[in-house]
Amino acid sequence: MNDIVLILVAIAAIVLVGLFVWNHTQTNKGEKAQAPGLSKVSTKKLYDNIQSMIKPQSQPTEANARIGLVDEKQEKLQEAVVMTAPEVKEEVVQPAPAQAPVEEKPVEPVVQKPESVAPVVQFAAPKAEPVAKPVEAPKPEQEVLPFVAMNDDEEKEDEEVVAPTPVIPKEGLKTFEVDPLMETVGMIHATKPILGSLMLEMANNLKKLGLPIRVYVRRADNKRWYAPSNEGMYTEMAVVLLLANRLMVIDEMDASRFAMGIQQVGIALEADSESESTMSIMERARELHENVKRLDVQLSVVLSARSAVKSTAVNEAARLAGFTQLNSTRYVFGSAKQIGEATIFLRHDEFDVRYLYLLLDAPLAVPNNKPLHQFFSVANDLCSRLDMELQDSKGTPINTAAAQMIFRQLADYYSQMQAAKIEPGSQQARVLFTREG
């Protein structure tokens, strides 16, 4: 045990002697042997030395700054020029040889700048926020027309679609009307007279399906058709279903619910029932809806002012021109009672008060009533009262040549409506295309 202690003490003595010798040697080396990080140079001198090692950066002068700003603007201008879309030349549409409406001479618009080439007026949706997509028409001639389908997303807004309420006189109807193009009918034939209260209950159950239907019942005594009521005895019920319009279309589920509803009413009344097949209803509804979407257009022209137009001035000019104000930005040509027959609408731009938009609801206008003559007469009236200029959607003034081209395009459009078995301006067209209640 004593031997181990002596050995450890000897080793410790040797280590201490070695450290002493090494420390003495380092001390004698002079200034070069200083510990790292310890310097006799002052902080200021050290900072100056570091600054001298850094290469000075050239600072931009005021003149250079101006040049840089100019170059930046030039680059942005060049980018804007490069991004400008090339001008597209549109071909003039030839009028359809058959079924053309009576020729009319549109009123010459109030324009002081005649153009050598007639500008094309775009047919656009009444709302300007979203840009409507071009129609994918099945016919080649439709592709060159300046027609754009209305945007359904803007118009629907969860609006409930109902069939037109039938106008039935007190003496009833000898026969009820069904349009074979846009409607289908389900029939219920009773073997014995049924109380009116029971017929009314069945009619209300059918209306709960949420489908656009109208119901007629036939009295047992005079064999005439009436709306369901608690009075009288009835032997038949007719349920007319609207297949499609610009806001909706009957799908397979709707057609199935309709057929099933007719069958259930027949069972409840112990009567015979009949209706069109579900597949046939769905196919006819789809075909009709495609034609409605393709033909759902409006003719739109721009009334442009050099400076902002006050709302009060627009309201007064619109009133004197024959318009009725619907809200803060929309007007209808005619009285409020005539809104169901209206074809011309005026819209004030919400964001730029220099512009007004005059719209012709093309499918609702009767070709023989010279709709363009009235349209341009109203446009000229407003331009005169508000000191505005009539332009197309590209800002080009509309002259007489442009008005004539619009007439030819509208005549061709009406021929396409008739080819789809839809008469322009008829009650049928109003059921399919109307936008106002």
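Some values worked out for this structure:
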{"read-out": "As computed over the stretch 181-238, the Cα convex hull volume per residue (Å³)", "value": "81"}
{"read-out": "Simple label model, 7 Å out from Cα along Cβ direction - Ala227 to Leu320, nm", "value": "4.3"}
{"read-out": "Tyr226 accessible area, assembled protein chains, probe 1.4 Å, Å²", "value": "30"}
{"read-out": "Residue-span extension gain [Glu252 to Ala220] - 0.36 nm each, minus C-alpha spacing", "value": "8.0 nm"}
{"read-out": "Whole-Hz ³J(HN,Hα) from phi, Karplus 6.51 cos²θ - 1.76 cosθ + 1.60, for the stretch 295-306, glycine and proline x", "value": "9, 7, 9, 9, 8, 10, 10, 10, 9, 10, 10, 6"}
{"read-out": "Residues Lys337 and Ala401, FRET efficiency given R0 of 41 Å [Cβ-Cβ distance, rounded to 0.05]", "value": "0.60"}
{"read-out": "Estimated FRET transfer efficiency when R0 is 45 angstrom, pair Ser384-Ser426 (beta carbons, to 0.05)", "value": "0.85"}
{"read-out": "Approximate spin-label separation Gln418-Ala10, in nm, with each point projected 7 Å along Cα-to-Cβ", "value": "13.2"}
{"read-out": "Cross-link table Lys293/Lys394; Lys170/Lys192; Lys293/Lys421, entries beyond 22 Å C-alpha to C-alpha", "value": "Lys293/Lys394; Lys170/Lys192"}
{"read-out": "Order of exposure, largest accessible area first, which applies to Glu276, Glu290 with probe 1.4 Å", "value": "Glu290, Glu276"}
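The values are calculated or read from the model by the stated rules, or taken from the named source; none is laboratory data. Predicted, not measured: the structure shown is a model, and the values here were computed from it. Glycine also receives a Cβ, built like all others from the backbone with ideal geometry; neighbour counts cover every protein chain displayed. Please note that ligands, DNA and RNA were not included when accessible areas were found on the heavy atoms of the full protein model with its side chains. Shrake-Rupley method; radii C 1.70, N 1.55, O 1.52, S 1.80 Å.
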